[in-house]
Amino acid sequence: MIVVMKSDATSEQVDHMVKHIQELGLKPQVIVGTQRTVIAAVGEERVGLVEALEPSPGVEKVLPILAPYKRASSELKADRTVVKAGGLEVGGLKVAVIAGPCSVESEEQIVRLARILKQRGATGLRGGAFKPRTSPYSFQGHKEDGLKMLAAARAETGLAIVTEVMAPEHVPMVSKYADVLQIGARNMQNYQLLQAVGDSGVPALLKRGMSATIDEFLLAAEYILDRGNPGVMLCERGIRTYEDHTRFTLPLATVPYLHEKSHLPVVVDPSHGTGKARLVPPMAKAAVAAGADALIVEVHEDPENAASDGSQTITPDEFSKMMNECRRVAEAVDRIM
Ligand code: PEP
Ligand code: MN
């Protein structure tokens, strides 16, 4: 339910409503908007709730939230959410860029690359320390040592660290080093992980599961939001289809569709979305044109010898060229980059 308060409602009336919502067994969330305050009453919707909420002082109207995801829904919050993590800001006028290797390989590698990326306009540094690999025989990441390498790169450059956490029990450890916890496509419906990331309060980059519908994606975000963590970024990274010319199919209609359904910022990953380095810059430009709030891109100085995902990884020079082209697209759609 959404309780819309009158524009002249007092703070006592808001507090009273919050208590009333709790007494009804629902979880209140106060959202102070530019026009008026609304209070979300999230929980099991049952008959008689509107009648129980509407007569309270200061209430203008009570509306049901029709979407199955309540806190992620734009019905609840009209203003767009801006997620801030260190120097990384996603959801504002500026299209943010998170770049870096698929896997963190060495401190020297990540620090040198971070300096280059920072200089060329990235505000976030990606790099996997825990890697979800299809084969158990592939490189699994440097784990906590890799996190320390990322922290060294942040100390050198100030870039915000975006790195994957694969298990609920690793959330405290990864949170010690990361500015943003990435939840990988393979874990989008790992509900215990989502709840642990929600409890951590650390901003999250939630990747769309490769076979997940948009409703399932937003309900996964809901798990994090429902634990009181408002910092969720939704990342389209491509889905499985019958196509085999690309590693995944990157559906960019997801971007405006998510913006319609949700107030959360949308990130696009053209690297996993295509699987081919030469397709990354064109799809990055298309993502910016479609309204993406950020890009997450795999970059490596020597993609051919990268520990993982080399074939979809661009070089720093290709990254620079892509950034210049994306800036022009951003300008055309009234954004900055
Ligand atoms: C990654 O970002 O390197 C990664 C494993 O992504 P995804 O979960 O989207 O496959
Ligand atoms: Mn990768």
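Which of the following residues is within 16 Å of ligand 2 (Cβ to nearest atom), among the charged types (D, E, K, R), within 26 Å of GLU164 (Cβ to Cβ) and surrounded by fewer than 23 Cβ atoms within 10 Å (Cβ to Cβ): GLU304, GLU298? Just a single option satisfies the conditions, and that option is GLU304. Of the residues making up the range 134-192, those that are farther than 21 Å from GLY124 by Cβ and open to solvent by less than 10 Å² (accessible area, probe 1.4 Å) number 0.
Mind listing whichever residues of the range 273-286 are crowded, with 24+ Cβ neighbours inside 10 Å and touching a residue at least 40 places away in the same chain (Cβ under 8 Å)? Within the range 273-286, VAL280, ALA284 qualify. Among the residues of the range 259-287, the one identified as outside any helix (DSSP H, G or I), closer than 19 Å to GLY209 by Cα and among the charged types (D, E, K, R) is ASP269. Per the conditions (1) farther than 25 Å from LEU218 by Cα; (2) within 16 Å of ligand 1 (Cβ to nearest atom), the sole criterion not satisfied by ARG126 is (1). Taken over the range 267-284, the criterion of being of a type outside the set (A, V, I, L, M) and within 21 Å of LEU88 (Cβ to Cβ) is satisfied by ASP269, PRO270, SER271, HIS272, GLY273. Residues that are at pLDDT below 95 and either in contact with a helix residue (DSSP H, G or I) (Cβ under 6 Å, 6 or more places away or on another chain) or within 16 Å of ligand 1 (Cβ to nearest atom) (or both) within the range 81-114 are absent altogether. All conditions but one from (1) β-branched (Val, Ile, Thr); (2) crowded, with 23+ Cβ neighbours inside 10 Å; (3) more than 22 Å from the chain's Cα centre (by Cα) apply to THR315; the one that does not is (2). Among the residues that make up the range 63-80, is at least one of them more than 15 Å from ligand 1 (Cβ to nearest atom) and at positive phi? Within the range 63-80, none of the residues are more than 15 Å from ligand 1 (Cβ to nearest atom) and at positive phi. Among the residues of this structure, LEU225 does not count as one that is without any contact (Cβ under 8 Å) to a residue 60 or more places away in the chain, buried (at least 19 other Cβ atoms within 10 Å of the Cβ) and closer than 29 Å to LYS176 by Cβ. Restricting the first member to the range 125-145 and to residues that are over 24 Å from PRO172 (Cβ atoms) and in the same structural domain as SER175 (by TED's automatic domain parsing), and the second to residues that are aliphatic (A, V, I, L, M) and assigned to a loop (DSSP other than H, G, I, E, B), the beta-carbon pairs closer than 8 Å and six or more apart or on different chains are PHE139/ALA307.
The values are calculated or read from the model by the stated rules, or taken from the named source; none is laboratory data. Keep in mind that this is a model prediction, so the values were computed, not measured. When we count neighbours, we look across all protein chains shown, and the Cβ atoms used for this are built from the backbone with ideal geometry, even at glycine. Heavy atoms of the whole protein, side chains included, go into the accessibility calculation; ligands, DNA and RNA do not. Shrake-Rupley method; radii C 1.70, N 1.55, O 1.52, S 1.80 Å.
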